[in-house]
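Each remark here refers to the structure printed beneath this line.
The values are calculated or read from the model by the stated rules, or taken from the named source; none is laboratory data. Predicted, not measured: the structure shown is a model, and the values here were computed from it. Please note: Cβ atoms are built from the backbone with ideal geometry, for glycine as well, and neighbour counts cover all protein chains shown.
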Amino acid sequence: MGLCDIHVIKDVLSRHGFHFSKSLGQNFLTAQWVPERIAAECGAGPDAAALEVGPGMGCLTVELSKVAGQVVAIELDRALFPVLDETLAGCDNVEVVHGDVLKTDLAALCREKFGDKPVYACANLPYYITTPAIAALLDSHAFQGVTVMVQKEVARRICAPAGSSDYSAFSIYVQYHADARILFDVPAGCFVPQPKVDSAVLRLTPRETPAVQVQDEKLFFAIVRAAFNQRRKTLANAVSPAFGGRLNKDEILELITGCGLDARVRGEKLSLAEYGRLADAAAARLAAKATSPE
Ligand code: SAM
């Protein structure tokens with residue numbers, strides 16, 4: 001059965017009385033080369049497992065079942081379960097579980113279903129949860145690789161280098177945890193219903209150790225978030241909320257220049273390494289202040 005064939009999709013879905021839900025981000029693939037390429041390039045092999053988010057009608061699930069030893073797919077929409085019973089009949093190494101990827105303990109699920117096998121996450125992600133879903137997949141530390149289709153602009157933003165207009169706090173978050181690269185673009189015409197924007201498939205390879213070693217990870221991300229919250233301000237003005245009033249403006253300026261940065265620099269120009277240096281200098285300064293008598 002060609003699960004990306006528009007006639008097959010319409011026939012199967014109408015027999016099951018299924019209607020697409022926009023609010024669940026249901027845009028199904030109609031180009032067979034896309035799930036084939038995702039499965040071929042996701043890194044999973046016969047000795048590994050694949051965890052899929054949002055199988056829909058199962059076009060990617062079937063391709064994953066051919067390359068991976070075992071596949072578990074999490075689907076939120078119960079209306080798709082009778083459809084998947086039909087389309088995945090014969091895929092003996094696949095299990096579909098009901099759940100919301102954002103409310104699932106992914107590390108526990110992988111341990112329960114796959115034991116010690118290496119696991120690769122794959123998905124044509126629903127647009128409405130792209131960012132939290134990627135964060136949940138990376139935060140779980142359960143995957144050797146994460147291969148996901150997202151909106152093209154989001155993919156560009158995630159991979160953006162320091163100083164580019166696409167560079168954001170989320171670029172830094174993802175690049176801190178993983179090596180990120182775009183595998184290929186997928187035009188909007190490859191889906192039903194057709195979305196307004198093109199997509200791209202991203203390959204995230206989680207790092208064994210973060211891209212920069214910092215003393216205080218929470219402080220590092222607080223500084224990054226503050227810097228991008230107020231992109232138009234200079235770094236010194238923007239990051240001040242990250243210190244909760246514990247450092248005054250002169251102290252912040254001193255930190256910035258002490259790290260070899262221009263006092264008027266904007267946050268979007270700083271690399272991960274520069275944010276790391278700034279966060280470590282701030283952590284040291286805050287620690288010294290906490291122990292010195294007033
Ligand atoms: N994999 C199919 C394909 O490529 O044709 C469907 C992809 S469609 C973009 C997204 C799928 O994710 C839908 O099946 C939708 O029901 C499911 N979904 C939406 N929100 C979800 C959530 N929070 N957790 C798990 N699955 C979800």
Task: Selected residue (only one of Val62, Val53 is in contact with a Ser or Thr (Cβ under 9 Å, 6 or more places away or on another chain) and assigned by TED's automatic domain parsing to the domain that holds Asn124) - done: Val62
- [ ] Kindly indicate the residue of the range 1-21 that is modelled with pLDDT of 95 or more, not hydroxyl-bearing (Ser, Thr, Tyr) and not in a helix (DSSP H, G or I) and also farthest from the ligand (Cβ to nearest atom) among those meeting that condition.
- [x] Gly17
Task: Lone qualifier among Asp105, Asp116, Asp139 - being within 12 Å of the chain's Cα centre (by Cα), at pLDDT 95 or above and not aliphatic (A, V, I, L, M) - done: Asp139
TODO: Give the range 117-134 a look and list any residue that's outside any loop (DSSP other than H, G, I, E, B), touching a residue at least 40 places away in the same chain (Cβ under 8 Å), within 10 Å of the ligand (Cβ to nearest atom) and not aromatic (Phe, Trp, Tyr), or say none.
DONE: Cys122, Ala123, Asn124, Ile129, Ala133
- [ ] Consider Phe28 carefully, then state whether it is within 10 Å of the ligand (Cβ to nearest atom), at pLDDT 95 or above and of a type in the set (Phe, Trp, Tyr).
- [x] yes
Open item on the list: Pull out all pairs, ordered by first then second residue, where Cβ-Cβ is under 7 Å, the residues are six or more apart or on different chains, the first lies in the range 22-51 and is without any contact (Cβ under 8 Å) to a residue 24 or more places away in the chain, and the second is more than 9 Å from the ligand (Cβ to nearest atom).
Closed with: Pro46/Gly69
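Residue by residue, here is whether (1) away from the ligand (no atom under 13 Å from the Cβ); (2) within 18 Å of Ala136 (Cβ to Cβ); (3) surrounded by 20 or more Cβ atoms within 10 Å (Cβ to Cβ) holds:
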position: Ile38; (1), (2), (3): no, no, yes
position: Asp47; (1), (2), (3): yes, no, no
position: Cys59; (1), (2), (3): no, no, yes
position: Val62; (1), (2), (3): no, no, yes
position: Val71; (1), (2), (3): no, no, yes
position: Leu88; (1), (2), (3): no, no, yes
position: Lys103; (1), (2), (3): no, yes, no
Task: Any pair with Cβ under 7 angstrom, 6 or more apart, that starts in the range 57-86 at a residue that is under 18 Å from Gly43 (Cβ atoms) and ends at one that is within 12 Å of the ligand (Cβ to nearest atom) and among the small types (Gly, Ala, Ser) - done: Leu60/Ala39; Thr61/Ala73; Glu63/Ala39; Leu64/Ala39; Lys66/Ala39; Val67/Ala39
